[in-house]
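Here is the structure we will look at, set down as structure tokens.
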Amino acid sequence: MDRIYSKVREQSWQRSFFPLLVILSAALSACGGGSAPVSGQGAGAEVASQTTGGAPAQAISVTVEPAEAAVTTKGSQTFYAKVEGGTDGAVFWSIQEGPAGGAINNDGTYTAPAAPGTYHVTAASQADPTKTASVTVNVTAAPVVSVAITPGSLGLMTRGKKSFTAAVSGTDQKGVTWQIQEGSAGGTIDPQGEYVAPNTIGVYHVIATSQADPGKKAVATVEVQRCNPPQRNPYLVRMTKTSAVIGWRCRPEGAIRWGTGSSLDNQQSDDTGDDRHFVTLNGLSPDTSYTYEVVIEGEPLGKAATFTTAPASGSDFTFVALADTGSGDIHQGRIAQVIKGLPARFAILAGDIIYEKGADAEFDPRYFKPYDGIIDHFPFFPVPGNHDMVTDQGGPFRDNFYFPQGVFYRDFFWGDVHFIGLDSNHVDDAKQKEWLINALKAPARWKVVYFHHPAFSSGEYGGYPSVQKNWIPLFEQYGVDLVINGHAHDYERTVPINGVTYIVTGGGGQSLYPVGKSDFTAFSLSVHHLVSIRLTQDQMELKAIDETGATIDAVTHTKSDATVPAGPPSGRG
């Protein structure tokens with residue numbers, strides 16, 4: 001018997017006459033005189049008939065390959081029908097479930113429907129439509145092709161470079177095609193996802209398109225700026241009577257222009273190979289105003305600002321002190337507004353400036369943004385608290401506040417006043433103690449020392465015995481006038497203790513702690529605040545000012561008054 005595979009021999013209109021063909025076939029058999037009865041009806045059955053000479057004809061049977069199939073939704077499968085018996089191998093194709101089960105053409109190519117399920121494809125002999133064969137098709141949901149791009153968004157400086165990666169799921173073909181939505185104006189990207197930003201700032205879009213399914217793609221947003229994020233506009237890092245250090249963060253190359261008054265006659269380039277810059281302006285005159293601006297590729301970074309150097313002598317000025325500032329919340333913002341309204345020349349910060357861990361990413365929300373518009377012309381002189389030291393033993397604190405010697409203790413003069421900042425995270429450090437002794441020996445009209453952990457406190461932690469043991473005897477020996485601390489989130493002022501007044505100013509922005517009173521307490525209150533100190537030749541005027549600008553405590557000490565009550569022994573905490 002011949003094996004004949006189906007071919008298209010009849011037009012699709014023939015399917016409409018299936019019933020008629022069956023009736024005609026039966027009628028012809030009835031008129032054939034002595035013909036054999038029909039037997040074996042159904043799929044795969046054989047039908048016997050007689051030829052014209054009375055010889056029996058071979059029975060027709062139909063089979064379909066493959067015998068079963070699994071297809072994903074909207075997928076395709078080609079079926080082949082084999083007709084045995086007779087000379088006509090053509091078949092009609094149909095789907096038992098109708099259009100809901102998919103579609104099949106005359107060649108036996110089946111297209112699955114969108115809905116998963118079990119469906120049945122049938123092939124019927126065109127010679128004898130009663131002879132059929134059916135196969136089961138299991139249609140399962142097709143995997144959904146998706147594309148993810150990493151990173152999904154970023155900031156990049158002009159002409160900066162970044163490698164993008166794309167992950168394709170739902171198909172074995174993982175390739176993507178890269179392009180930029182804005183075309184060449186948005187930069188360039190190679191087939192490996194290496195992107196180069198344009199020289200024009202703006203927002204651009206990198207697209208990864210699946211090669212398996214071009215309808216699936218992912219988009220990354222690139223904000224092109226002149227600076228590598230995070231951009232930090234120029235700020236005063238430190239100040240003396242003859243120099244100033246200006247810091248900023250942008251890109252490796254940059255320059256600073258400055259001059260007396262409002263002029264910008266001088267320029268200094270600073271191509272460090274790093275985004276972070278600290279430029280020292282030397283040869284300045286005492287108590288003189290200078291204007292400066294930082295220039296990146298010929299364009300100013302931020303606004304020009306004017307500062308005034310420290311005086312060479314004299315003691316008539318105001319400064320502010322605060323600590324435990326770095327909350328980034330409304331209280332820190334209110335304290336910043338109070339600073340703007342005071343006639344102060346600078347601020348000393350007694351630690352815990354960058355909560356929670358002193359990480360580099362915390363500096364912008366905890367310091368640079370709250371004090372924007374202040375630190376470009378108004379220098380802050382910080383020392384670290386315990387929170388500032390959590391990340392890399394204070395590495396970001398050192399890098400952002402410029403401690404090039406690697407230690408966190410410092411001193412500076414403002415006129416005839418000597419300011420000494422200490423690292424109370426390392427009270428037992430012998431080198432720091434030796435340095436402190438030498439600093440205290442320097443002659444000065446007033447001596448102000450500041451650090452984080454309090455010597456005396458009626459607050460959350462009390463006074464620190466290590467501070468009392470290692471440093472207080474030196475303060476008393478060398479004539480320190482004022483010690484400023486933080487750590488306890490409150491305001492406290494002691495009575496003078498052996499000639500030294502101790503202030504706790506831990507209400508600079510962080511959440512407050514309760515505070516009590518001790519026999520050394522002159523005033524205490526749990527309140528957000530700062531301390532304003534005005535020094536003249538003979539007087540020290542202290543004011544604690546809350547976040548509304550109201551004075552909550554005030555006292556004046558006279559320098560010539562050597563008979564101030566000593567208070568309790570310095571060994572008490």
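No lab work stands behind these numbers, since they all come straight from the coordinates. Because the structure is a prediction, the values reported are computed rather than measured. Positions of Cβ are backbone-derived with ideal geometry, glycine not excepted, and every protein chain shown enters the neighbour counts.
Structure data summary
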quantity: Distance violations [Cα-Cα > 19 Å] among Lys441/Lys543; Lys174/Lys217; Lys447/Lys559; Lys431/Lys469; calculated: Lys441/Lys543
quantity: Length added when fully stretched, Gln393-Val219, from 0.36 nm per residue minus Cα-Cα; calculated: 58.7 nm
quantity: Net length gained if the chain between Glu65 and Tyr80 were fully extended (0.36 nm per residue, minus Cα distance); calculated: 4.9 nm
quantity: Structure-based [θ]222 nm, the chain - -39500 (n - 2.57) summed over DSSP H runs of at least 4, per residue, nearest 500; calculated: -3000 deg cm²/dmol
quantity: Among 238-248, 538-548, the order from most to least packed when residues are scored by Cβ within 10 Å on average; calculated: 238-248, 538-548
quantity: Global form of the range 374-455, assessed from the alpha-carbon gyration tensor, a/c cut-off 1.5; calculated: oblate
quantity: Rounded, prolate or oblate (a/c below 1.5 giving rounded, otherwise prolate when a/b exceeds b/c) for the range 317-558 by Cα gyration tensor; calculated: rounded
quantity: Kyte-Doolittle at least 0.0, axis length at least 30 Å by Cα - qualifying DSSP helices, the chain; calculated: none
quantity: Under Karplus coefficients 6.51, -1.76 and 1.60, residue-wise ³J(HN,Hα) of the range 494-505 in Hz, glycine/proline x; calculated: 8, 5, x, 10, 6, x, 10, 9, 10, 10, 10, 10
quantity: Phi-based couplings in Hz for the range 515-525 (Karplus 6.51, -1.76, 1.60; Gly and Pro marked x); calculated: 9, x, 9, 10, 6, 8, 7, 9, 7, 8, 6
quantity: Furthest towards positive pole of dipole, Phe79, His487, Asn386, structure part the chain, Cβ charges; calculated: Phe79
quantity: Expected-Rg normalisation [2.2 N^0.38 Å, Cα atoms] applied to the chain; calculated: 1.78
quantity: Positive-end residue of Gln432, Ser169, Val504, charge dipole of the chain with Cβ unit charges; calculated: Ser169
quantity: Pairwise centroid distance, computed over Cα atoms, of the range 202-251 with the range 282-337, Å; calculated: 25
quantity: Cross-link reach list, aspartates and glutamates versus Lys303, counting only Cα pairs under 14 Å and skipping chain neighbours closer than eight places; calculated: Glu293, Asp372, Asp376
quantity: Packing-based ranking, highest mean first, of 434-444, 355-365 given that Cβ atoms within 10 Å are counted; calculated: 355-365, 434-444
quantity: Förster-model FRET efficiency, 22 Å R0, Arg276 and Asp428, C-beta, rounded to 0.05; calculated: 0.10
quantity: Amide H within-cut-off set for Arg238, under 5 Å, with H built and near neighbours excluded; calculated: Val245
quantity: Separation of the Tyr461 and His205 label points, Cα + 7 Å toward Cβ, nm; calculated: 5.1
quantity: Added length on full extension, which subtracts the Cα-Cα distance from 0.36 nm per residue, Glu194 to Thr111; calculated: 25.9 nm
quantity: Relative packing of 512-519, 267-274, 201-208, which averages over residues the other C-beta atoms within 10 Å, highest first; calculated: 201-208, 512-519, 267-274
quantity: Compactness relative to 2.2 N^0.38 Å, alpha carbon Rg of the range 279-410; calculated: 1.11
quantity: Calculated from backbone phi, Karplus (6.51, -1.76, 1.60) coupling profile of the range 102-119 in Hz, x at Gly/Pro; calculated: x, 9, 9, 9, 5, 8, x, 7, 9, 10, 6, x, 6, 9, x, x, 10, 10
quantity: Rounded Å value of the spacing that divides the Cα centres of the range 502-522 and the range 124-175; calculated: 65
quantity: Charge-dipole axis of the chain as Lys and Arg at +1 and Asp and Glu at -1 on Cβ define it, positive-most pick from Ala212, Thr536, Ser289; calculated: Ala212
quantity: Cα-based reach from Lys131 at 30 Å (exclusive), listing lysines while leaving out same-chain residues under 8 positions away; calculated: Lys7, Lys74, Lys82
